[in-house]
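The values are calculated or read from the model by the stated rules, or taken from the named source; none is laboratory data. Treat the numbers as computed from the prediction; the structure is a model and nothing was measured. Glycine also receives a Cβ, built like all others from the backbone with ideal geometry; neighbour counts cover every protein chain displayed.
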Amino acid sequence: MNTKSAEDLMECSSEVHYSGFHMDGIEQRNVGTEQPTTSAIDEYKQPFLIGVAGGSASGKTAVCDMIIQQLHDQRVVLVNQDSFYHNLTEEELKRVQDYNFDHPEAFDTERLVTVMDKLKNSQAVDIPKYDFKGYKNNVFPARRVNPADVIILEGILVFHDPRVRALMNMKIFVDTDADVRLSRRIKRDTADNSRNIEAVLDQYSKFVKPAFDDFILPSKKYADIIIPRGGDNHVAIDLIVQHIRTKLGQHDLCKIYPNLYVIQSTFQIRGMHTLIRDSQTKKHDFVFYADRLIRLVVEHGLGHLPFTEKQVITPTGSVYSGVDFCKRLCGVSIIRSGESMENALRACCKGIKIGKILIHREGDNGQQLVYEKLPNDISDRHVLLLDPILGTGNSAVEAISLIIRKGVPESNIIFLNLISAPQGLHMVCKRFPRIKIVTSEIDIGLNEDFRVIPGMGEFGDRYFGTDDDDELVESRSL
Ligand SMILES: Nc1ncnc2c1ncn2[C@@H]1O[C@H](COP(=O)(O)OP(=O)(O)O)[C@@H](O)[C@H]1O
Ligand SMILES: Nc1ccn([C@@H]2O[C@H](COP(=O)(O)O)[C@@H](O)[C@H]2O)c(=O)n1
Ligand SMILES: [Mg+2]
């Protein structure tokens with residue numbers, strides 16, 4: 001089987017991952033971070049931290065490997081408690097056979113707490129690489145670990161310190177029979193670590209077993225999930241992965257507003273967002289990737305329309321029980337950026353009628369309806385309202401109010417957008433609790449100019465090319 005080991009994953013997890021998405025020629029830039037002016041940052045999602053504890057050679061690394069493999073489209077980093085072993089003094093090194101590597105004091109827990117706290121708060125950290133044979137932590141070159149969606153902390157004593165436990169969203173204890181652990185440990189330490197069997201057995205009876213009884217086993221009570229048989233327990237690992245996926249896909253605002261849907265994030269989607277948000281992306285690429293994202297949001301939105309059951313006969317003469325699309329629908333785009341979503345809607349819904357609304361925006365709440373052209377029979381239709389960015393929510397509220405005044409029931413409106421600010425979501429969802437909102441990412445907040453941050457600038461200008469001087473030069477010289 002062509003699988004990556006957890007160690008390989010640890011190495012490459014310090015980079016941003018893209019699955020099947022090529023970023024050739026595009027370098028990562030360090031951009032200064034703007035701070036939001038509101039408390040919306042509190043709602044920003046923190047990484048999901050999983051603690052994996054258990055006796056030595058119980059299969060912790062094997063379990064982590066399997067979780068990481070199954071979460072292939074999420075950014076995952078693996079941190080090993082071994083990286084926090086204290087370095088041995090000359091004296092201790094000379095008498096290494098008397099050193100207790102299984103006691104909580106063998107670890108620099110203060111450093112572990114600091115590092116995990118930083119990662120949990122989405123800050124990059126440097127972690128030493130541990131050398132089992134040399135008994136030392138190599139601080140240089142340290143392993144750079146960037147923040148991720150999921151952080152896994154693995155080690156015999158990761159449940160020992162209450163501060164570390166408090167950071168964990170899920171605690172897993174790998175529970176493997178003592179004989180199996182001992183035989184695996186003998187195999188591993190004699191083969192991989194070139195130790196002799198007497199030394200391995202001596203260390204086991206002097207330190208490993210007593211520490212298991214005194215510290216590791218008592219920490220089992222903190223576990224949310226106990227996995228018997230470690231990596232052999234595929235059912236337990238499947239359930240854990242499913243739970244993590246649910247938690248990751250569920251933005252906190254989705255818990256408050258049941259009609260808010262954030263499409264499941266994948267590396268493809270994050271890659272497209274990275275491109276359209278990058279201020280250096282040229283119009284051509286911006287349009288290409290924005291169109292791809294818009295298509296995904298439109299398809300997802302269409303999935304929320306009502307359907308009727310329909311049976312058809314296939315060429316094999318068999319009956320296929322399916323569904324028939326909802327036919328009474330129309331689009332309404334908020335000029336000008338909403339017009340960028342019209343093509344995707346037309347591509348998905350043949351011959352769909354699309355109305356338009358123009359709202360003049362001045363600052364935070366100077367919204368004024370300037371123009372509207374909507375289908376005459378709009379009240380009989382489900383309405384897909386199109387605007388790629390939801391910022392303050394004022395334009396959306398204005399547009400939705402108009403559509404409702406035209407006789408469309410609130411529950412027949414689906415608002416489709418690419419990027420939403422929490423402020424806009426609160427405003428729209430509170431005012432119209434029955435409309436559905438489908439978005440692809442929820443951002444941190446708004447800046448003092450009421451622009452979404454991190455956001456992606458003026459969508460309409462970037463999509464229609466009215467801000468791209470380079471592009472104008474390029475088209476003139478062609
Ligand atoms: N389910 C399993 N079946 C057979 N060998 C296993 C299994 N899980 C782990 N091992 C082996 O046992 C040893 C210890 O496993 P590992 O996952 O490194 O444990 P831990 O990280 O808890 O110390 C490794 O050599 C590994 O290949
Ligand atoms: N230089 C070292 C450091 C640690 N150990 C042993 O490793 C065990 C923890 O790692 P697992 O992957 O087995 O969980 C622990 O029991 C230490 O005794 C060592 O032998 N040498
Ligand atoms: Mg291990």
Taking into account only those residues within segment 78-120 that are more than 29 Å from Phe48 (Cβ to Cβ) and among the hydroxyl-bearing types (Ser, Thr, Tyr), which is nearest to ligand 2 (Cβ to nearest atom)?
-> Tyr99
Among the residues of segment 393-412, is there at least one that is under 30 Å from Ser122 (Cα atoms) and not in a strand (DSSP E or B)?
-> yes
Would you pick out the residues in segment 325-356 that are surrounded by 15 or more Cβ atoms within 10 Å (Cβ to Cβ), part of a loop (DSSP other than H, G, I, E, B) and not hydrophobic (A, V, I, L, M, F, W, C)?
-> Arg336
So Arg295 clears everything in (1) more than 23 Å from the chain's Cα centre (by Cα); (2) within 28 Å of Ile453 (Cβ to Cβ) except one condition, right? Which one?
-> (1)
All but one of (1) assigned to a helix (DSSP H, G or I); (2) aromatic (Phe, Trp, Tyr); (3) away from ligand 3 (no atom under 16 Å from the Cβ) hold for Tyr261; which doesn't?
-> (1)
Kindly indicate whether any position in segment 360-373 is in contact (Cβ under 8 Å) with a residue 40 or more places away in the chain and either more than 28 Å from the chain's Cα centre (by Cα) or part of a strand (DSSP E or B) (or both).
-> yes
Selection from segment 83-101 of residues that are acidic (Asp, Glu) and in contact with an Asp or Glu (Cβ under 9 Å, 6 or more places away or on another chain) = Glu92, Asp98
All but one of (1) away from ligand 1 (no atom under 13 Å from the Cβ); (2) farther than 30 Å from His243 by Cβ hold for Ser219, so report the exception by its number.
-> (2)
Kindly list, by first and then second residue, each pair from a residue in segment 175-198 that is on the phi < 0 side of the Ramachandran plot to a residue that is part of a loop (DSSP other than H, G, I, E, B) and among the polar types (S, T, N, Q), limited to pairs with Cβ atoms under 6 Å and residues at least 6 apart or on different chains.
-> Thr176/Ser58; Arg181/Ser58; Arg185/Ser56
Out of all the residues in segment 371-379, is one or more at pLDDT 95 or above and closer than 16 Å to Ile437 by Cα?
-> no
Per the list (1) over 20 Å from Lys220 (Cβ atoms); (2) within 16 Å of ligand 3 (Cβ to nearest atom); (3) out of contact with any Cys (no Cβ under 9 Å at 6 or more places or on another chain), residue check on Asn146 breaks on (2)
From the list Leu248, Leu253, which one is under 14 Å from the mean Cα position of the chain (by Cα), in a helix (DSSP H, G or I) and surrounded by 16 or more Cβ atoms within 10 Å (Cβ to Cβ)?
-> Leu248
Just one listed residue, out of Val96, Val79, is more than 33 Å from the chain's Cα centre (by Cα) and either surrounded by fewer than 24 Cβ atoms within 10 Å (Cβ to Cβ) or within 13 Å of ligand 3 (Cβ to nearest atom) (or both), and it is Val96
Among residues of segment 155-213, those that are of a type in the set (S, T, N, Q), within 13 Å of ligand 1 (Cβ to nearest atom) and either surrounded by fewer than 16 Cβ atoms within 10 Å (Cβ to Cβ) or part of a helix (DSSP H, G or I) (or both), counted = 3
Would segment 243-261 turn up any residue that is among the aliphatic types (A, V, I, L, M), at pLDDT below 90 and under 30 Å from Val287 (Cβ atoms)?
-> yes
Report, by residue number, each residue of segment 100-127 that is buried (at least 17 other Cβ atoms within 10 Å of the Cβ), more than 16 Å from ligand 3 (Cβ to nearest atom), without any contact (Cβ under 8 Å) to a residue 60 or more places away in the chain and not β-branched (Val, Ile, Thr).
-> Asp108
Can you run down the residue pairs with Cβ atoms below 6 Å, 6 or more apart or on separate chains, where the first is in segment 137-161 and in contact (Cβ under 8 Å) with a residue 24 or more places away in the chain and the partner is within 16 Å of ligand 3 (Cβ to nearest atom) and assigned to a loop (DSSP other than H, G, I, E, B)?
-> Ile156/Ser56
Candidate set from segment 137-154 (those that are within 16 Å of ligand 2 (Cβ to nearest atom) and crowded, with 19+ Cβ neighbours inside 10 Å); member that is farthest from Leu248 (Cα to Cα) | Asn137
Search result, residues across segment 407-458 that are aromatic (Phe, Trp, Tyr) and either surrounded by fewer than 24 Cβ atoms within 10 Å (Cβ to Cβ) or under 21 Å from the mean Cα position of the chain (by Cα) (or both) = Phe432, Phe450
Quickly run through segment 44-82 and pick out the residues that are near ligand 1 (Cβ under 10 Å from one of its atoms), more than 21 Å from Asp126 (Cα to Cα) and among the charged types (D, E, K, R).
-> Lys60, Asp65
